[in-house]
Amino acid sequence: MTKYLTLIFKNLLRTKRRTILTILSIAVSLFIFSVLVSLPTFANQMLADTTSSVRILCRTKMGLGYPLPVAYKSKIATIPHVVAVAPLVIYGGIYHEVSDQFPSVATEAKEIDMWSDWGLTGVDEFKKIKTACLVAQGTMRRFNLHVGQQIQLRGTVYPFNVTLTIVGTIDKGPVPSFLIFRLDYFEEAAGNPGIAHEFWVRVDDSRVVPEVCAALDNQFANSAAETRSASEAAALGSILGRYRIFMKLAEFVGLVAVVAIGLVAANTAAMSIRERRSEIAVMRSIGFPSGVILSLLVGESLIVALLGGAIGCGVAFGLFKVFAFNADALGPFVSLHVPPFVLAETLGVAALIGLFSAYVPARAAAKRSIVETLRLVD
């Protein structure tokens with residue numbers, strides 16, 4: 001086996017330029033494939049992670065620009081199966097420059113446990129300190145912040161500034177860049193408007209979520225501020241739904257890239273094998289079986305394809321890591337990454353390209369008679 005591997009690598013290194021260019025062309029195409037296939041895979045994974053959620057988002061039918069009365073909280077709390085209600089106000093916020101914007105929201109300190117699965121730290125301090133805030137890890141990295149630091153935000157939705165003290169972090173939020181501070185501090189700074197842009201509602205069982213959503217909307221039907229309630233998964237799905245056509249297009253383009261590089265690889269393999277007809281004939285004449293020659297030729301193609309696939313996957317993985325640190329404005333797709341399934345799928349596609357692009361011309365060359373092959377050689 002070792003001598004055959006040595007022979008394969010020696011053959012690959014004889015035409016270094018062709019080998020390198022073939023590897024790079026496969027790497028580029030499979031980089032495109034892994035990036036584009038990651039989009040719908042990541043979106044489906046996000047939805048799957050929230051299907052068992054016991055949280056509901058209750059908003060006005062008019063949109064987030066039209067807030068609800070904070071008095072709705074007590075009415076929502078009386079609905080069967082509701083165990084917690086957290087009003088949320090969208091503040092906006094600019095840290096330094098206009099480009100330094102990220103979502104900032106305010107909620108009641110006693111209801112912060114509504115999002116305990118987001119990996120909150122500093123919750124006790126948040127409940128004690130009026131100017132406290134919790135900051136997502138993406139924001140902490142982006143602005144080089146640290147726990148205990150005091151920051152000031154300029155309002156975008158509201159025309160006043162807030163001065164906040166970072167007491168903890170959010171490790172696993174829905175987006176990597178956002179901030180939560182206390183509603184009582186917002187109310188004081190805003191002059192007690194008594195509003196909420198949305199209510200987050202936690203129920204006792206995920207199976208009753210549709211029932212509670214209907215009850216919420218019936219509760220406020222025909223009122224001055226009617227509501228539209230949805231499960232956390234449905235709310236996230238409505239956001240991702242805006243990108244659905246783009247994700248379908250991404251899948252199609254990824255498939256086209258794979259087919260195109262498969263044809264290029266097949267042509268390259270056919271040319272390489274055609275140039276080595278005399279060599280193959282000599283190997284046959286000195287006793288190399290047809291099966292061994294076929295395995296050597298296909299093995300060369302397989303190694304080239306797998307190297308290209310590994311490079312393409314590695315670049316895609318690293319690129320998304322860079323985005324995770326620097327592209328916080330991309331909304332839910334900022335935490336996009338190449339899932340392990342896509343990495344395996346990309347390497348599998350690379351293996352198929354390597355096998356099928358070389359198999360037909362290699363089999364024909366290995367099976368051709370020695371005399372006929374030597375006669376065809378110029």
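The values are calculated or read from the model by the stated rules, or taken from the named source; none is laboratory data. Quick caveat, the model's predicted, so the values are computed rather than measured. Positions of Cβ are backbone-derived with ideal geometry, glycine not excepted, and every protein chain shown enters the neighbour counts. With ligands, DNA and RNA removed, areas are computed over all heavy atoms of the protein, side chains included. Shrake-Rupley method; radii C 1.70, N 1.55, O 1.52, S 1.80 Å.
At a temperature of 20 °C and a viscosity of 1.002 mPa s, determine how fast the range 68-215 diffuses translationally according to Stokes-Einstein, using the Kirkwood radius over alpha-carbon pairs as Rh; express D in µm²/s, rounded to the nearest whole number.
Details: Rh = 15.9 Å.
Translational diffusion coefficient: 135 µm²/s.
Can you give me the distance in nm between label points at S74 and E125, each placed 7 Å from the Cα along the Cα-to-Cβ direction?
3.5
Sort 292-300, 149-157, 260-268 by the packing proxy (mean of other Cβ within 10 Å over each peptide's residues), most packed first.
In descending order of packing, they fall as 292-300, 260-268, 149-157.
What length, rounded to one decimal in nm, is gained on full extension from V360 through to M271, with 0.36 nm per residue of separation minus their alpha-carbon distance?
On the way: separation 89, 0.36 × 89 = 32.04 nm, distance 1.23 nm.
That pair, V360 and M271, stretches by 30.8 nm at full extension.
Keeping all protein chains in the complex and leaving out DNA, RNA and ligands, what accessible area do you get for F356 with a 1.4 Å probe, in Å² to the nearest 10?
140
Can you give the accessible area of K172, probe radius 1.4 Å, in Å² rounded to 10?
In the full protein context, K172 sits at about 130 Å².
By per-residue mean of other Cβ atoms within 10 Å, what is the highest-first order of 60-72, 21-33? Kindly include the intermediate steps, with their values, before the conclusion.
Details: 60-72: 15.2, 21-33: 21.6.
The packing order, highest mean first, is 21-33, 60-72.
Round to the nearest 0.05 the FRET efficiency obtained for M62 and D113 when R0 = 35 Å and r is the Cβ-Cβ distance.
Step by step, r from the Cβ atoms, then E = 0.75.
About the Cα centre, and with charges only on the beta carbon of Lys, Arg (+1) and Asp, Glu (-1), how big is the dipole of the range 137-235? Nearest 20 debye, please.
540
How would V147, V258 line up by accessible area, probe 1.4 Å, largest first?
Of V147, V258, the descending order of accessible area is V147, V258.
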